[in-house]
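Working notes for the structure below.
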Amino acid sequence: MASAAAVSMLPRPPCIHPSPVASSASLLPMCTLPFRRRPLRCSSAAYAVLRDDTALVPISAIGPVNDDKSIFEITLDLSSAPEFVASYTTPGQTVTTSVPSSGLRAAYIEIASAPHSGPQFDLLVKSVPRTTAERLCKLSVGDQVELGAVTGQGLPINDIKEAETVLLFAVAEGLSPIRALIKSGLRNNVSLYYGARNQESVPLQEELDEWQKSGVNVIKVLTEPVQHPFLRDPSPIVKNPKSTVAVLVGPIDLQQEVKKALTGLGVPVEKILTIAQWYPNY
């Protein structure tokens, strides 16, 4: 995977990037970098809101979701932070996450659970050495995580559900917004291309099998870049270009190559949505 250059401030959250000529009626406003203030801790309770835009919440479940234990699912209990639950409105949004007193910069992590699915956030976190991600993966049930703002404009889920053909591409923890989409009821005429180094690194394998049974065409790509099986013969898949939507979560070469193929088939550029991944992004 390509890595984003390190910066001295908080990294910019992943954003969904439609074409510059995207219709304002079909897409939500562009995301903005949140203003994160130093939290003023209040009580000694197990978890509590620290300021309006920050909260400490406990981990209610944590564990690896692939055989090589490189990606963990972390479930955060938000029962005492309902404002965070309410601020997550559409798949593709991220939440600012940090480990208290770690001294590491906060992470922008895409939420893997569906909006309005209860007082919790599920996060898929890829362990990256010497980062917040690694520290998060080493925590235990009951440990506290500090949350900041939910950011990003997210994905236009209603437009995606109305499309005749939906193409999803993801690698590694980029499965997070895809999972949130599918858990939000996306099923018909959906093809998911998921790329991993090998079978042991594929996360949520049982869940992927369940999606396959429910109507999602899941294509696992293990020996080549995730976009290559699609690029070899995309025309039979894109039957009605004007009613095709694609969501691309991954590195720049994935985004550029799939965009070029889809626009060549007549898919409107505003219906090709990309979520930038930053390696490592936290």
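Could you please give the count of residues in region 210-229 that are farther than 21 Å from residue 161 by Cα and not β-branched (Val, Ile, Thr)?
In the first step, residues of region 210-229 are kept if they are farther than 21 Å from residue 161 by Cα; the result is 220-229.
Narrowing further to those that are not β-branched (Val, Ile, Thr): 220, 222, 224-225, 227-229.
Total meeting the criteria: 7.
Keeping to region 233-255, report how many residues are at pLDDT 95 or above and either on the phi > 0 side of the Ramachandran plot or assigned to a helix (DSSP H, G or I) (or both).
Qualifying residue count for the region: 3.
All but one of (1) over 21 Å from residue 203 (Cβ atoms); (2) crowded, with 17+ Cβ neighbours inside 10 Å; (3) among the aliphatic types (A, V, I, L, M) hold for residue 104; which doesn't?
(2)
Please enumerate the residues belonging to region 200-235 that are among the small types (Gly, Ala, Ser) and surrounded by 14 or more Cβ atoms within 10 Å (Cβ to Cβ). Steps first, please.
Just the residues of region 200-235 that are among the small types (Gly, Ala, Ser), to begin with: 201, 214-215, 235.
Residue satisfying the conditions is 201 alone.
Just checking, which of 242, 260, 271 is open to solvent by 60 Å² or more (accessible area, probe 1.4 Å), closer than 12 Å to residue 167 by Cβ and not small (Gly, Ala, Ser)? Give the derivation first.
Numbers: 242 fails: closer than 12 Å to residue 167 by Cβ; 260 fails: closer than 12 Å to residue 167 by Cβ.
Just a single option satisfies the conditions, and that option is 271.
Scan region 125-172 for residues that are among the charged types (D, E, K, R) and open to solvent by less than 20 Å² (accessible area, probe 1.4 Å) and report the count.
Of the residues in region 125-172, the ones among the charged types (D, E, K, R) are 126, 130, 134-135, 138, 143, 146, 159, 161-162, 164.
Narrowing the set further to residues that are open to solvent by less than 20 Å² (accessible area, probe 1.4 Å) leaves 146.
The qualifying residues number 1.
Residue under question is residue 180, and the condition is that it be out of contact with any Lys or Arg (no Cβ under 8 Å at 6 or more places or on another chain), at pLDDT 95 or above, part of a helix (DSSP H, G or I) and among the small types (Gly, Ala, Ser); does it hold? Explain how you work it out, then say what you get.
Values: out of contact with any Lys or Arg (no Cβ under 8 Å at 6 or more places or on another chain): yes; at pLDDT 95 or above: yes; part of a helix (DSSP H, G or I): yes; among the small types (Gly, Ala, Ser): yes.
Spelling it out, residue 180 is indeed out of contact with any Lys or Arg (no Cβ under 8 Å at 6 or more places or on another chain), at pLDDT 95 or above, part of a helix (DSSP H, G or I) and among the small types (Gly, Ala, Ser).
Kindly indicate whether residue 92 is part of a loop (DSSP other than H, G, I, E, B), in contact (Cβ under 8 Å) with a residue 60 or more places away in the chain and open to solvent by less than 40 Å² (accessible area, probe 1.4 Å).
On the way: part of a loop (DSSP other than H, G, I, E, B): yes; in contact (Cβ under 8 Å) with a residue 60 or more places away in the chain: yes; open to solvent by less than 40 Å² (accessible area, probe 1.4 Å): yes.
In short, yes.
For region 52-89, what are the residues that are under 28 Å from residue 197 (Cα atoms), part of a loop (DSSP other than H, G, I, E, B) and open to solvent by 20 Å² or more (accessible area, probe 1.4 Å)?
65, 67, 68, 69, 70
So, residue 197, is that one farther than 22 Å from residue 70 by Cα, open to solvent by 20 Å² or more (accessible area, probe 1.4 Å), part of a loop (DSSP other than H, G, I, E, B) and among the charged types (D, E, K, R) or not?
The answer is no for residue 197.
What number of residues within region 119-130 satisfy the criterion of being modelled with pLDDT under 95 and over 16 Å from the mean Cα position of the chain (by Cα)?
Qualifying residue count, region 119-130: 3.
Being within 19 Å of residue 174 (Cβ to Cβ) and open to solvent by 40 Å² or more (accessible area, probe 1.4 Å): is that true of residue 187 here? Let's see the steps before the verdict.
Working: within 19 Å of residue 174 (Cβ to Cβ): no; open to solvent by 40 Å² or more (accessible area, probe 1.4 Å): yes.
Considered against the rule, which asks whether it is within 19 Å of residue 174 (Cβ to Cβ) and open to solvent by 40 Å² or more (accessible area, probe 1.4 Å), residue 187 comes out as no.
Considering (1) within 21 Å of the chain's Cα centre (by Cα); (2) in contact (Cβ under 8 Å) with a residue 40 or more places away in the chain; (3) surrounded by fewer than 21 Cβ atoms within 10 Å (Cβ to Cβ), say which one residue 249 fails and leave the rest.
The single condition residue 249 does not satisfy is (3).
Against the conditions (1) closer than 25 Å to residue 134 by Cβ; (2) not polar (S, T, N, Q); (3) not in a strand (DSSP E or B), where does residue 213 fall short? Just the number, please.
It fails just one condition, (1).
The values are calculated or read from the model by the stated rules, or taken from the named source; none is laboratory data. All values derive from a computational prediction rather than experimental measurement. Backbone-built Cβ (ideal geometry, glycine too); neighbour counts: all protein chains shown. For accessibility, only protein heavy atoms count, side chains too; no ligands or nucleic acids. Shrake-Rupley method; radii C 1.70, N 1.55, O 1.52, S 1.80 Å.
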